[in-house]
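The values are calculated or read from the model by the stated rules, or taken from the named source; none is laboratory data. Keep in mind the model is a prediction, meaning the values are calculated, not measured. A quick note on method: Cβ atoms are made from the backbone with ideal geometry, for glycine too, and the neighbour counts reach across all protein chains shown.
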């Protein structure tokens, strides 16, 4: 199997490279090529155990997304994220199951419910990739990313309970709401503990390579540990990613730069493999469904009905929630401000609701992906007592068909839709400009304070002259190279001192909620590059 996986990944990477050169979305082209390749004579099925996807593929993908995601942004949009990532999953489960029963009356109700929860969670990987290239507003991107991080947990928790009911076994907690609260709470706790312990351990490591190796272990450790407690491994991975991403600014610049490059590579490998796997397996899951008594017309009809049902439900839910959100936002804005109880702490202003154009895009970005496939493959083969699980072939085949339909129909039309709507967010542009101006002010202040401290600690004409030159260079935003008349080592040493002062001030401003986390990360990336340049000058 490993040889097959290696071949699939290699071909998928080549197709992705071609897509990038042709300005085509790589995920969609990989799916289409895989789909065409599956019908070539002699192509064997690439059968993977569901545990492989859930424990090997899913955790690093979620961890990478969470560590790059601003927790402050997540908190600002938490209402919209929870609404889509939890409540819409429950509604979609019921809606898809009703639609499936209408077109396939031979299905048992419990089988239809399992099919519903398998198809319920959207996968935002393709949507985010398309949206990033098309320049979607940050608020909308935040909602899409946040939804994709938590909807998997909601769906997989419901899936575990429904499978236990269908097979006649017992879930860890039979009460669904109570089990969901337990799985979410313990999963988040496990992830936070592991993430913070890992960050503490990284401070003891003197090697960026070892720190990166440790970050590779974290998503698997968080997932498997939470699963041992019958909790949500998905939320554990997300919580660990949030913890390490938030504290990552305290690591050395070499660690941050090395990890960023490593996780971008991992994302590329996993995403291309998943989309290639989707395309390659379709022919074989349809053949299995045909053998189980579901003909092609039934499968095509069911796919169309389920796809239309899930799109309609998402549109209704998004716009219904948007109307309620606008009413709530007006009520909050008209509410008189109360005096702050704690000096120095300001209440975060409510986030303005998404525009109607943004809601159209949000409603259309319901492509399905890796979790749908993993859950479908994880449907048991038999029930308690030995008979085959009823309708399993229909669950697996429809999960693949709906996933491919959503990727091709919604994925191919999403760039056109974004272009037609011409989305702009002037309010966010003003916010970013103000935040960047504040960040520049804070870093200039930190630079001047650090230079003043250096001058006090190092009195003398040479130090005075060095401080004057450094002030001039930072004022004109020039890189520190080799100032004439001053020892390069001394100039670079003070340059690193000033960079550290800037870094410390930015992190403190973020922790005090003065600066947005995304702005701080962008500024730190520039400082890291400047320090890397200084080190190269020193070594040279």
Residue 209 part of a helix (DSSP H, G or I), touching a residue at least 24 places away in the same chain (Cβ under 8 Å), more than 23 Å from the chain's Cα centre (by Cα) and in the same structural domain as residue 114 (by TED's automatic domain parsing): yes
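Quick test for you: out of 174, 123, 152, pick the one residue that is in a loop (DSSP other than H, G, I, E, B) and within 23 Å of the chain's Cα centre (by Cα). Steps first, answer last, please.
Working: 174 fails: within 23 Å of the chain's Cα centre (by Cα); 152 fails: in a loop (DSSP other than H, G, I, E, B).
Residue meeting the stated conditions: 123.
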Scan region 387-405 and tell me whether some residue there is over 30 Å from residue 169 (Cα atoms) and more than 21 Å from the chain's Cα centre (by Cα). yes
For region 377-391, name all the residues that are within 17 Å of residue 285 (Cβ to Cβ), assigned to a loop (DSSP other than H, G, I, E, B) and free of Cβ contacts under 8 Å to residues at least 40 places away in the same chain. 381
Qualifying residues in region 19-33 (those that are farther than 30 Å from residue 238 by Cα and at pLDDT 80 or above) - the one surrounded by the most Cβ atoms within 10 Å (Cβ to Cβ): 33
As an exercise: evaluate residue 348 against (1) surrounded by 13 or more Cβ atoms within 10 Å (Cβ to Cβ); (2) touching a helix residue (DSSP H, G or I) at 6+ places or on another chain (Cβ under 8 Å); (3) at pLDDT below 80 and give the number of the one condition it does not meet. (1)
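Residues are listed down the side, and each one gets a yes or a no for (1) modelled with pLDDT under 90; (2) surrounded by 23 or more Cβ atoms within 10 Å (Cβ to Cβ); (3) assigned to a loop (DSSP other than H, G, I, E, B); (4) in contact with a strand residue (DSSP E or B) (Cβ under 9 Å, 6 or more places away or on another chain):
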{"site": "357", "(1), (2), (3), (4)": "yes, no, no, no"}
{"site": "361", "(1), (2), (3), (4)": "no, yes, no, no"}
{"site": "368", "(1), (2), (3), (4)": "yes, yes, yes, no"}
{"site": "375", "(1), (2), (3), (4)": "yes, yes, no, no"}
{"site": "393", "(1), (2), (3), (4)": "yes, no, no, no"}
{"site": "401", "(1), (2), (3), (4)": "no, no, no, no"}
{"site": "413", "(1), (2), (3), (4)": "yes, no, no, no"}
Please pick out the residue among 456, 473, 505 that is assigned by TED's automatic domain parsing to the domain that holds residue 435, assigned to a helix (DSSP H, G or I), at pLDDT 70 or above and under 43 Å from the mean Cα position of the chain (by Cα). 505
Here is a list: 39, 90, 52. Which entry is surrounded by fewer than 17 Cβ atoms within 10 Å (Cβ to Cβ), assigned by TED's automatic domain parsing to the domain that holds residue 115 and in contact with a helix residue (DSSP H, G or I) (Cβ under 8 Å, 6 or more places away or on another chain)? 39
